[in-house]
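Engineer: One structure is given below, represented as structure tokens, and several questions about it will come after.
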Amino acid sequence: MATVEKELAKNTTKQKGPITYDLVLIGASPANLTLAHRLCDLMALKPEMHLSVAILEKSEEFGGHIVSGAVVNKKIFDKAFPNHIEDGMPIESICEESSFALLGRKKKFDVPSAITRALLPDFCKEGYYVLTLSNVVAWMAETLQAKAATVPNLDIDMYNGFPATEIRYENDKISAVKVSNTGVDLEDYVHGDLFCFADKGFLSKDIIKKFELADNPQIWSVGVKETWRLRSDAPYLKGKVWHTLGFPTLDGTLGGGFVYGLDHNRVTIGQVISLDSKNPNIHPQKQLQELKKHPWLQNILRDGELLHYGAAVLPEGGPASLPKAFQVDGALLMGDALGLLDVKALAGVDKAMESGYIGAEVVFESFSKRDFSKEQLSKYQKKLLASPFMDKYKANRYFRQAFIKNPDLLEKYLPIFVDGFDKGGFLWGGLKAFLANPIGLTVQTFSALIHLNAPNEINDEVRYMPGYEHIDPNFTKEMIARNQSDEKYQKTTIYSREDAVFYAQTKYEVHPEHIDEFSAETCLKCIKTYEAKGLDVPCVSDCTAEVHRLDIRDGGVKVHGMSLENCVQCRTCELICPEQNLRVNAAYSAGGPNFKGL
Amino acid sequence: MANKDLNIYVLVKQVPDTRSKAGVNPDGTIDRAKAGKMLNPFDAYAMQAALSAKRMGGPGSKVTAVSMGPPPAIDILYQALEHGVDKTCLLSDRKLAASDTLATSYALAKTLEYLFKSDGKPDLVFCGLQTTDGDTAQVGPEICERLDLTQVTYVEGFEIKDNLIHARKIIEGGAMEVEAKLPALMTIANSYNKLEFKTFRGAKFVQGLKRNEQLQKEYVKIIDLATVEADDMLCGLAGSPTIVSATWKIGTVGGNCTMHQGKSVEDMVTEVFETENSVIKELSKV
Ligand SMILES: Cc1cc2nc3c(=O)[nH]c(=O)nc-3n(C[C@H](O)[C@H](O)[C@H](O)COP(=O)(O)OP(=O)(O)OC[C@H]3O[C@@H](n4cnc5c(N)ncnc54)[C@H](O)[C@@H]3O)c2cc1C
Ligand code: SF4
Ligand code: SF4
């Protein structure tokens, strides 16, 4: 047959065989897009080899479901995208001044840079890129299309609005993923030899579970953030970066804020809150509003304009939560799906991209040998663990342990310190916390410092409990720290959760059904438990959009309901539901938020 | 009796994107070159109708999407292929500029006649109700008259049983059930089913197509007026009896409408009350 005829036979829409690719990438994420770019380079060197690649992304636009900070180590771009400047990668600014600030309800204390450098060097971000990651991901996707067009032996097909929602196995090797729900099997599954999951856990959690890869569970936090355009005479922030501790997360939970100055008189503000919290009602979106009421931020945001709101979760467990194997037969796990975030430095993008870069080399070799066994793929794990981009991640492995082992630091002393700090300044706050329990504070601070700056193993096996197991229905502390009532704040800078959803631009053309509630009975019991304590049920309070609700039925019975059309697919509810009664799936047909600009 | 294989055509048009702000001239007219572009939203219903009809027909049924417009209009034909349309054709010719509905329906009827020769006689032709940039709702019925097909307009639901159409069409104040013989042309109302999401196979096919020029020629046929043997004098400006004597900006429509948005509900309600109060005060003075 002539080549065209062959192509016709292969490609015609009438052709009804299984849909097949050599390589399937799940998530158009920093990790997978870096992988695809690198693969272009490698394939160009071997014209006799042919590969077909599918990139599956659940959002309607590339970058549309990406929320990050993001202050990112420039070195990873120099390595993976050496021409990124000439190729027009969107960079908001380069960090010139990085500060670590303690926040009271009213006051702010910038820790002197010499002290930050000595004690918290990971938070010195000078020289780092300040990025709007959703825009960078869109750029990576766009340049990938152009680059792939120059490599004739590599066909890369990019799919928006097609999530992977289910894995199919053949003899324990991953053989296909489900991408649509037409009901016709042949149309709904995409087959492949090799699959790379950079999906922040949506589907890869099933692989970790099936193959029992995790000895220690992952612990997650939720990050909520907003981007603002500032009034013309607002303080000039481009190139400035703050990380904050203290107000408003004063309920004993680990949490902190970030404020990054962007280009064009914009700023991005966020709060990251750990989900291994005793507090059943964290209210992440409300905490962000409280943060914005702080006089320091009011001065910045006054008369400004909210542009975008979004939320996403972050894997915080570090090396202790890493799966035993980063690969199984026919698949690799990458980026946040693996848990490569260094929470101490709030840095995951560089490591996600490095996992893609190294992943590409191993993928290329596996196709050259046509060997997709976990033994062949295990080179990925070895190479990645040896990468210099992983050095800090490994060194910071006791960060979470520092606070788990010394819970009083956040639960007891931080609130006392903040109180004193607001009343009499930094030293007064410190003194009050010290006087509350001189020995206790000293011992716990000392122990925490050892964990935080442990250069070597300290023989302290890290054990985590999943977030939902921490929730205590008898929790009695103040749920969210409120700004002092006498403080003036501009009402138009504060948004209710209902209103915030508008700025996440959620859109579901097809009636959404992407969250499973396993048992209504379980919800009834859960509602009774929390109502009896005068608390909200966790899914209702901690949803970052306005999805979970209680409906009152005949006879006053309260039942759990969901307004799924508001969902931003952050997965917080799944992670905190104390009964593990929810599963958040990726939605079909491009449903979800539009985070472009976050 | 099972339905036979149906040969289906659907007419689609690219229109300025109603969501984009770019491409509006200071006098309020559209700069078509600059404006963002999209599939005419009404045609999305026609496309869904065509794809549904294909499922009702025998296993050899097929849908061909046909458009007229400048070369960038092939984007909507790619979109049609993503949704599962089998083949497409674009009539593109400079001489088509400034066509009114009469000239448009002539050119499209000639195109369809040309396709009927190569791709088979039609059983069904689907059109959207109207376009968002012309708003006349004339082109579909005019084509139907030129091709001498059965005509059913304003259809919001239909079935094909025993090779007969059973359709429900909107009429003033209600709906009407009609039965019609094939071959027929139907214009589809926007109360019909929404266009389903593209299919994975369709999206895969289009990406392969974009890499393969020869395959593109096969599936996105681009033809001109000479190919369809149209009389130039009946096309474009020459063939358009409609004369636009003048256009003018009618200014802001309606009375005072204040949009309250982008603030918290609480603030917006306060704002509404404040404005309402001042309006009431103004009115009480009169
Ligand atoms: C608020 C916040 C602030 C942060 N700040 C920083 C910072 O300043 N610096 C830094 O380095 N890191 C920061 N991070 C972490 C960083 O964003 C992540 O570590 C990084 O984005 C992980 O990249 P990834 O490649 O794993 O994929 P992700 O960025 O998680 O992207 C996953 C992609 O896959 C898609 N997807 C998911 N599931 C599916 C599915 N089933 N099918 C199809 N597609 C799917 C998603 O839509 C998304 O596009 C921050 C994170 C958050 C939430
Ligand atoms: S989903 Fe979970 S948190 Fe919500 S009511 Fe049900 S059991 Fe409780
Ligand atoms: S329903 Fe769950 S996944 Fe959706 S926005 Fe709320 S917390 Fe996030």
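The values are calculated or read from the model by the stated rules, or taken from the named source; none is laboratory data. Model, not experiment: these values are computed from the prediction. We place every Cβ from the backbone using ideal geometry, glycine too, and count neighbours over all the protein chains shown. With ligands, DNA and RNA removed, areas are computed over all heavy atoms of the protein, side chains included. Shrake-Rupley method; radii C 1.70, N 1.55, O 1.52, S 1.80 Å.
Engineer: For chain A, what relative contact order do you get, as a whole percent, if you take Cα pairs closer than 8 Å and at least 6 residues apart?
Structural biologist: 20 percent
Engineer: Over all distinct Cα pairs, what is the inverse of the mean 1/r for chain A, reported as the Kirkwood hydrodynamic radius in Å?
Structural biologist: Result for chain A stands at 25.0 Å.
Engineer: Here's something else I'd like to know. Treating the beta-carbon of each Lys and Arg as +1 and of each Asp and Glu as -1, no other charges, what is the dipole magnitude of the protein assembly as shown about its Cα centre, to the nearest 20 debye?
Structural biologist: Dipole magnitude for the protein assembly as shown comes out near 1480 debye.
Engineer: Which value at 222 nm does chain B reach when only helices count, each DSSP H run of 4 or more adding -39,500 (n - 2.57), with the total divided by all residues and rounded to the nearest 500 deg cm²/dmol?
Structural biologist: Only helices count here, giving -10000 deg cm²/dmol.
Engineer: If I fit a long axis through the Cα atoms of helix A:426-436 and take the longest principal axis of the Cα atoms of chain A, what angle between them do I get, 0 to 90°, rounded to 10?
Structural biologist: 80 degrees
Engineer: How many Cβ atoms of partner chains, on average, are near each residue of B:204-217 if near means within 10 Å of its Cβ?
Structural biologist: 5
Engineer: In degrees from 0 to 90, rounded to the nearest 10, what is the angle of the helix A:349-369 Cα long axis to the longest principal axis of chain A?
Structural biologist: Once rounded, the angle reads 20 degrees.
Engineer: Another one. Once you sort the root eigenvalues of the Cα gyration tensor of the range A:489-530 as a ≥ b ≥ c, which label holds: rounded (a/c under 1.5), prolate (a/b larger than b/c) or oblate (the other case)?
Structural biologist: Oblate is the answer for the range A:489-530, as a/c is 1.5 or above yet b/c matches or exceeds a/b.
Engineer: Any idea what diffusion coefficient the range A:370-417 gets from Stokes-Einstein, in µm²/s, Kirkwood Rh on alpha carbon pairs, 37 °C, 0.692 mPa s?
Structural biologist: For the chosen part, D equals 235 µm²/s.
Engineer: In addition: Rounded to the nearest 0.05, what FRET efficiency do A:Glu469 and B:Thr18 have when you use their Cβ-Cβ distance and R0 = 56 Å?
Structural biologist: The value I calculate is 0.65.
Engineer: Select from A:Gln444, A:Thr476, A:Val24 the residue farthest towards the positive end of the dipole of chain A; place +1 on Cβ of Lys and Arg, -1 on Cβ of Asp and Glu, and compute about the Cα centre.
Structural biologist: A:Gln444
Engineer: Using only helices, what value at 222 nm comes out for chain A when you add -39,500 (n - 2.57) per DSSP H run of length 4 or more and divide by the total residues, to the nearest 500 deg cm²/dmol?
Structural biologist: -9500 deg cm²/dmol
Engineer: Just reorder A:His308, A:His84 by solvent-accessible area, largest first, 1.4 Å probe, all chains present.
Structural biologist: The ordering from most to least exposed comes out as A:His308, A:His84.
Engineer: Just want the answer: with Cβ charges of +1 for Lys and Arg and -1 for Asp and Glu, which residue in A:Thr492, A:Asn453, A:Asn265 is farthest toward the dipole's positive end in chain A?
Structural biologist: The Cα lying farthest towards the positive end belongs to A:Asn453.
Engineer: Mind checking the angle between helix A:374-385 and chain A's longest principal axis? C-alpha axes, 0 to 90 degrees, to the nearest 10.
Structural biologist: Once rounded, one gets 40 degrees.
Engineer: Based on alpha-carbon centroids, what's the gap between the range A:273-351 and the range B:73-111 in Å, whole number please?
Structural biologist: After rounding, the separation between the Cα centres reads 49 Å.
Engineer: Another question, then. Calculate one ³J(HN,Hα) per residue across the range A:408-419 by plugging θ = phi - 60° into the Karplus curve 6.51 cos²θ - 1.76 cosθ + 1.60, and present them in order as whole Hz with x for glycine and proline.
Structural biologist: 4, 4, 8, 6, 10, 6, 4, x, 5, 4, 4, 4
Engineer: Based on the alpha-carbon set only, what is the convex hull volume of the range A:399-470 divided per residue, in Å³?
Structural biologist: Each residue corresponds to 98 Å³ of Cα convex hull volume.
Engineer: A further question on this structure: Report the label-to-label distance for A:Asp263 and A:Asp78 in nanometres (one decimal), using points 7 Å from each Cα along the Cα→Cβ vector.
Structural biologist: The answer from the label model is 2.1 nm.
Engineer: Using only alpha carbon positions, build the gyration tensor of the range A:504-584, then give the equivalent ellipsoid semi-axes as the square roots of 5 times its eigenvalues, largest first, whole angstrom.
Structural biologist: Calculated on Cα positions only, the semi-axes equal 22, 14, 12 Å.
Engineer: Hey, could you get me the Stokes-Einstein D for chain B, Kirkwood radius over alpha-carbon pairs, 10 °C and 1.306 mPa s, rounded to whole µm² s⁻¹?
Structural biologist: Result for D is 75 µm²/s.
Engineer: Would you please put A:438-447, A:21-30, B:238-247 in order of how densely packed they are, using the mean number of other Cβ atoms within 10 angstrom per residue and starting with the highest?
Structural biologist: Highest-to-lowest ranking by the protection proxy: A:21-30, A:438-447, B:238-247.
Engineer: Mind jotting down the distance between the C-alpha centroids of the range A:245-259 and the range A:100-137, whole Å?
Structural biologist: Rounded to whole Å, the Cα centres lie 14 Å apart.
Engineer: Compare the peptides B:38-49, A:348-359, A:207-218 by average per-residue count of other Cβ atoms within 10 angstrom and give them in order, highest first.
Structural biologist: Averaged packing, sorted descending, gives the order A:348-359, B:38-49, A:207-218.
Engineer: Amide H neighbours of B:Leu185 under 5 Å, counting only residues 5+ apart in sequence or on other chains, H built in-plane at 1.01 Å?
Structural biologist: Sorted by chain and number, the residues that satisfy this are B:Val125, B:Thr150, B:Gln151, B:Val152.
Engineer: Ok, one more. Hey, can you grab everything whose amide H is under 5 Å from the amide H of A:Ser175? Only 5+ residues off in sequence or another chain; H modelled, so Pro and N-termini drop out.
Structural biologist: Those qualifying (amide H under 5 Å, at least 5 residues apart or on another chain) are A:Arg168, A:Tyr169, A:Glu170.
Engineer: For the range B:74-179, what ratio Rg/Rh do Cα atoms give with a Kirkwood hydrodynamic radius?
Structural biologist: Reported Rg/Rh, Kirkwood definition of Rh: 0.97.
Engineer: Let me ask something else. Provide Rg and Dmax in Å for the range A:268-420, with only Cα atoms included in the calculation.
Structural biologist: When restricted to Cα atoms, the range A:268-420 yields Rg and Dmax of 20.1, 65 Å.
Engineer: Only Lys, Arg, Asp and Glu count, each charged at its Cβ (+1, +1, -1, -1), so figure out the dipole size of the range B:7-234 about its Cα centre, rounded to 20 debye.
Structural biologist: Approximately 940 debye in magnitude.
Engineer: Quick check on packing: order B:9-15, B:191-197, A:258-264 by the mean number of other C-beta atoms within 10 Å, highest mean leading.
Structural biologist: The packing order, highest mean first, is B:9-15, A:258-264, B:191-197.
Engineer: Can you give the three extents of the C-alpha atoms in the range A:241-331 along their principal axes, from longest to shortest, in whole Å?
Structural biologist: Cα spread of the range A:241-331 along its principal axes, largest to smallest: 55, 34, 19 Å.
Engineer: In the protein assembly as shown, what % of DSSP beta bridges are antiparallel (nearest 5)?
Structural biologist: Once the DSSP bridges in the protein assembly as shown are tallied, antiparallel ones form about 60 percent.
Engineer: Of B:Ile143, B:Ser191, B:Phe205, whose Cα points farthest to the positive end of the dipole of chain B (charges on the beta-carbon: +1 Lys, Arg; -1 Asp, Glu; origin at the Cα centre)?
Structural biologist: Among B:Ile143, B:Ser191, B:Phe205, the one farthest towards the positive end of the dipole of chain B is B:Phe205.
Engineer: Under 20 °C and 1.002 mPa s, how fast does the range B:40-132 diffuse according to Stokes-Einstein, given a Kirkwood radius computed over C-alpha pairs? Answer in µm²/s, whole number.
Structural biologist: Answer, rounded: 154 µm²/s.
Engineer: Per-residue Cβ counts within 10 Å, from other chains only, averaged over A:343-350: what number is that?
Structural biologist: The mean count of partner-chain Cβ atoms within 10 Å per residue comes to 0.
Engineer: I want to check the label-to-label distance for A:Asp206 and A:Glu498. Put each point 7 Å from Cα in the C-beta direction and report it in nm to one decimal.
Structural biologist: 3.6 nm
Engineer: Based on the alpha-carbon set only, what is the convex hull volume of the range B:141-186 divided per residue, in Å³?
Structural biologist: Value for the range B:141-186: 57 Å³ per residue.
Engineer: Which whole number gives the average, over all residues in B:191-201, of C-beta atoms from other chains lying within 10 Å of the residue C-beta?
Structural biologist: The shielding value for this peptide is 5.
Engineer: Quick check: Cα centre of the range A:523-598 to Cα centre of the range A:150-193, how many Å?
Structural biologist: The range A:523-598 and the range A:150-193 have Cα centres spaced 30 Å from each other.
Engineer: Evaluate 2.2 N^0.38 Å with N set to the residue count of the range A:157-231, then give the Cα radius of gyration divided by it.
Structural biologist: For the range A:157-231, the normalised Cα radius of gyration comes out at 1.48.
Engineer: Please get the size of the charge dipole for the range A:399-470, origin at its Cα centre, with Cβ charges of +1 on Lys and Arg and -1 on Asp and Glu, quoted in debye to the nearest 20.
Structural biologist: 180 debye
Engineer: Using a 7 Å offset from the Cα along the Cα-to-Cβ direction at both A:Thr442 and A:Ala146, what is the distance between the two label points in nm, to one decimal?
Structural biologist: Computed distance between label sites A:Thr442 and A:Ala146 equals 6.3 nm.
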